[in-house]
Amino acid sequence: MRKRYQRKQRKSNQKFAIVRGQELMMQVPLPIAEVWSELQTQVEELTGQAGPQILRAILENEVTRRVGPPHRPNPAAGCVRWGKQPGYVVFAGQKIPLERPRVRTREGQEVELESYGQLQQDGKLQRAVREGLVAGLSTRNYRRAVESVVEGYGIEKSSVSRQFVAASSNQLRVLCERRLEDLNLVVLMIDGIHFGGQVLVVALGIAESGEKHVLGVWQGATENTAVVKGLLEDLVERGLDVQRRYLVVIDGSKALRAGVERVFGERVEVQRCQIHKRRNVKEYLPENCQQDYDRRMRNAYAMNNYAEAKEALQKIFRQLERINPSAARSLEEGLEETLTVHRLGVGAVLRRKLATTNPIESCLSTVQRVARNVKRWREGNQPLRWTATGLLEAEKKFRRIKGYQEILLLKERLNPSRLQQKEVRAVEVA
């Protein structure tokens, strides 16, 4: 015997749902995707119209709180309505025209609306412009790339340029005001990038946790000692401890080396980039010898033992003296500092990362990509602003350096505890 609820359930699967003899609902299948494709434009337009209405309601709400309802002013209020005036607010990443209600005191002085200022300076337009230009848009093509559901303005070339100047200036200020006391840095990397006949010297730090941090940028005409010294002194003012010993990785520039020594003294450990050393030696050799000697140097730097690696490089030096004395002198210059990570006993995985300037050059390649649409470099802080924007963009993708588990061991060898210092002195006395 069928139950009553079973019959009802079967009937409700039909087009008409019948309950107590009355037709309540008709189920008709509709092509939802086709309906949405036809209505999407109207829905977006409706959304664009609702946004300005909400913004007008926000302004009207503040006026009502200050003055009272329309045509019924509050006698105790010290302000009165004073008509409206054409204005604008930022909505959907662009400026849109909006009438601004005016309020004056009973003495006739204009009263600024707090909500109106906030709706103009919410930062959305600057963020939209910054993200667009960082992604590769040019100021000329920005208008074509922006789709909006409202009739706005402020996306022409000149306006986009002004908004990016403001946004990148804020990025530069954030980078140059960072405090460094709590980063627990162990390694510093310094390198330069050239824009418009000027050089920007950049510092990258690696903390004891293996995390990388952009520390600062300094502008100069050339990559000279004074620029490097100015950058490092700025880092010291922002909290870098000069009493600690750091491993400083550079590309082999004498100006960088001199600037590091002036700020940190002789206690600093300097690692010269092994790739730059191989490249410099290779340029002195004829083409038929370049690949062979580059392979020998690469194999020597790949050795784990400091003494063995140094002996292999000295053997190459003696061979180069007979073939090309200039290449031999290039290899000899700063040879000991290319083996600093070997001498400190850094493990193979971490050593491959700290023996070159690849980590900081990766950041600078992001800067070049971000600034690739700039065709004319001007004087002032334009190179600084673009470099800071590119560095902070690269920082978003930072990961911990490979082999970070050994950084604490490197830190102990750079800054041994008092007990370790006593043990070393005892061994020296014995």
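General remarks:
- When region 71-91 is filtered for residues that are over 14 Å from residue 120 (Cβ atoms) and surrounded by 11 or more Cβ atoms within 10 Å (Cβ to Cβ), the ones remaining, listed by number, are 73, 74, 77, 78, 79, 80, 81, 82, 84.
- Residue satisfying condition, being in the same structural domain as residue 354 (by TED's automatic domain parsing), of a type in the set (Val, Ile, Thr), within 22 Å of residue 394 (Cβ to Cβ) and in contact with a Gly (Cβ under 9 Å, 6 or more places away or on another chain), within set 201, 217, 270: 201
For (1) in the same structural domain as residue 197 (by TED's automatic domain parsing); (2) on the phi > 0 side of the Ramachandran plot; (3) of a type outside the set (Asp, Glu), each residue gets a yes or a no:
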site	(1), (2), (3)
295	yes, no, yes
301	yes, no, yes
308	yes, no, no
360	yes, no, yes
380	yes, yes, yes
383	yes, no, yes
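- Helices (runs of 4 or more DSSP H) wholly inside region 259-348 that include at least 2 residues being within 15 Å of residue 249 (Cβ to Cβ): 274-284, 340-343
- Only residues that are among the basic types (Lys, Arg), buried (at least 17 other Cβ atoms within 10 Å of the Cβ) and within 21 Å of residue 353 (Cβ to Cβ) were counted in region 273-294, giving 2.
- Members of region 258-267 found to be farther than 15 Å from residue 191 by Cβ and at pLDDT 90 or above, listed by number: 258, 261, 262, 263, 264
- Residue within region 406-413 that is crowded, with 18+ Cβ neighbours inside 10 Å, out of contact with any Asp or Glu (no Cβ under 7 Å at 6 or more places or on another chain), over 20 Å from residue 131 (Cα atoms) and not acidic (Asp, Glu) present: yes
- Near pairs, Cβ below 8 angstrom, 6+ apart or cross-chain, from region 181-193 (at positive phi) to any residue that is at pLDDT 90 or above and of a type in the set (A, V, I, L, M): 184/207
- Just one of the numbered conditions (1) surrounded by fewer than 17 Cβ atoms within 10 Å (Cβ to Cβ); (2) within 38 Å of the chain's Cα centre (by Cα) is not true of residue 297: (1).
- Number of the condition not met by residue 214 [criteria: (1) without any contact (Cβ under 8 Å) to a residue 40 or more places away in the chain; (2) farther than 26 Å from residue 336 by Cβ]: (1)
- Scanning region 59-92 for residues that are at pLDDT 85 or above and β-branched (Val, Ile, Thr) turns up 63, 64, 67, 80.
- Filtered residue count, region 370-405, keeping only those that are surrounded by fewer than 18 Cβ atoms within 10 Å (Cβ to Cβ) and either of a type in the set (A, V, I, L, M, F, W, C) or under 22 Å from residue 354 (Cα atoms) (or both): 10
- Test for residue 362: is it out of contact with any Ser or Thr (no Cβ under 6 Å at 6 or more places or on another chain), without any contact (Cβ under 8 Å) to a residue 60 or more places away in the chain and within 30 Å of residue 168 (Cα to Cα): yes
- Qualifying position, being in contact with a Cys (Cβ under 6 Å, 6 or more places away or on another chain) and under 27 Å from residue 401 (Cβ atoms), among 251, 234, 191, 182: 251
- Considering region 258-272, the residues that are touching a helix residue (DSSP H, G or I) at 6+ places or on another chain (Cβ under 8 Å) and over 16 Å from residue 360 (Cβ atoms) include one that is surrounded by the most Cβ atoms within 10 Å (Cβ to Cβ), namely 264.
The values are calculated or read from the model by the stated rules, or taken from the named source; none is laboratory data. Just so it is clear, the model here is predicted, and its values are computed rather than measured. Glycine gets a Cβ as well: all are built from the backbone with ideal geometry, and neighbour counts include every protein chain shown.
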